[in-house]
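The values are calculated or read from the model by the stated rules, or taken from the named source; none is laboratory data. Please read these numbers as outputs of a predicted model, since none were measured by experiment. For neighbour counting, all protein chains shown are included, and Cβ atoms are generated from backbone atoms with ideal geometry for every residue, glycine included. With ligands, DNA and RNA removed, areas are computed over all heavy atoms of the protein, side chains included. Shrake-Rupley method; radii C 1.70, N 1.55, O 1.52, S 1.80 Å.
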Amino acid sequence: MSEQKEIFLEKEIESSFVARKRLFIGLITTTSILVCLILVFLWLIPFVGLQNIHPAASWILGLAVTLSILFTAWAALALVLNILLKRQVLFSGKIRGLSIRIFLPLMTIFGRLLGIPKQKIRSSFIKVNNELVLSENKKYPPGKVLMLMPHCLQKSTCSRRLTYNVNNCKRCHECAIAGLLELSEEFGVHLAIATGGTIARRIVVNLRPKIILAVACERDLSSGIQDTYPIPVYGVLNDRPMGPCLDTQVALDHVRRALELFVQNQTVDKKVSAAETATSN
Ligand code: SF4
């Protein structure tokens, strides 16, 4: 891909996500403040009663609450800094797990109370998850990369059965599957199509990938990211010009960009090892 096209594409991806990132940062900050307030109340309420049990009991509980508050504040701050600086800070290596397991469910509840649509919260979570995966700054051998696609990308009138063998596609290019097959061959990565969560899980268990590049809607992507943790998932949202689950589309340029980011470059690796062999000789 030319450098200009690459810059244009990155700007396009970035601008489509700016609002989602702000929403996520707003929600994560408010949620963590709320958690801290709840923790303070947890300490305050029994405070009076605890005095009667033991003079030190309330202070021990106070210490536990303080540590919990510090932990919550650290997690939120590290997460926000990670998003803003696009790299891991404040020992935030495990922050993706925290964000997936704790913050997303809390943010969904809190966002609902504020009347923010679930879809918006999910898409901001997907964006942030992608940035956390990117901030790990890792590349993977092609055989350990799985491109996981939803069944709805296949043209609804196509009679080919792809779920168990994606190579049944005759590559007429009437839907994105043909282009995705070409990309998977070019990069040497696995490509699989799932009709639902159960099949997706089975594919992941069988192939044991080190990273998943998944295309889906907000709902399936965010639940997939949660289900497959700790395997990192880089999510690309599909386009739905015909509505959900029918003849959906995906920008192949975005998928290619993601593959370039995560797949180890075989040509470069071969050149390096050839140069090393020549030097050692
Ligand atoms: S590219 Fe053609 S053959 Fe392949 S899945 Fe799409 S419509 Fe069917």
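Laid out as a table, the results:
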quantity: Answer from 158, 217 - the residue that is out of contact with any Ser or Thr (no Cβ under 9 Å at 6 or more places or on another chain) and either modelled with pLDDT of 90 or more or within 16 Å of the ligand (Cβ to nearest atom) (or both); calculated: 158
quantity: Candidates 197, 111, filtered to the one that is modelled with pLDDT under 85 and in contact with an Asp or Glu (Cβ under 8 Å, 6 or more places away or on another chain); calculated: 197
quantity: Residue match in the stretch 118-135 (condition: among the basic types (Lys, Arg), surrounded by fewer than 16 Cβ atoms within 10 Å (Cβ to Cβ) and within 11 Å of the ligand (Cβ to nearest atom)); calculated: no
quantity: The stretch 158-189: number of residues that are touching a strand residue (DSSP E or B) at 6+ places or on another chain (Cβ under 9 Å) and touching a residue at least 60 places away in the same chain (Cβ under 8 Å); calculated: 7
quantity: Residue within the stretch 231-251 that is part of a helix (DSSP H, G or I), modelled with pLDDT under 95 and not hydrophobic (A, V, I, L, M, F, W, C) present; calculated: no
quantity: Residue within the stretch 150-166 that is under 14 Å from the mean Cα position of the chain (by Cα), open to solvent by 10 Å² or more (accessible area, probe 1.4 Å) and not charged (D, E, K, R) present; calculated: no
quantity: Qualifying residue in the stretch 233-254 (condition: more than 22 Å from residue 163 (Cα to Cα), open to solvent by 70 Å² or more (accessible area, probe 1.4 Å) and over 14 Å from the mean Cα position of the chain (by Cα)); calculated: yes
quantity: Test: residue 142 is more than 16 Å from the ligand (Cβ to nearest atom) and under 24 Å from residue 253 (Cα atoms); calculated: yes
quantity: Subset tally (residues that are surrounded by 14 or more Cβ atoms within 10 Å (Cβ to Cβ), more than 15 Å from the ligand (Cβ to nearest atom) and under 20 Å from residue 222 (Cα atoms)) for the stretch 169-211; calculated: 8
quantity: The listed residue being of a type in the set (Lys, Arg) and open to solvent by 30 Å² or more (accessible area, probe 1.4 Å), out of 96, 87; calculated: 87
quantity: Where a residue in the stretch 201-219 is outside any strand (DSSP E or B) and its partner, wherever it lies, is surrounded by 14 or more Cβ atoms within 10 Å (Cβ to Cβ) and aromatic (Phe, Trp, Tyr), with Cβ under 7 Å and at least six apart; calculated: 210/140
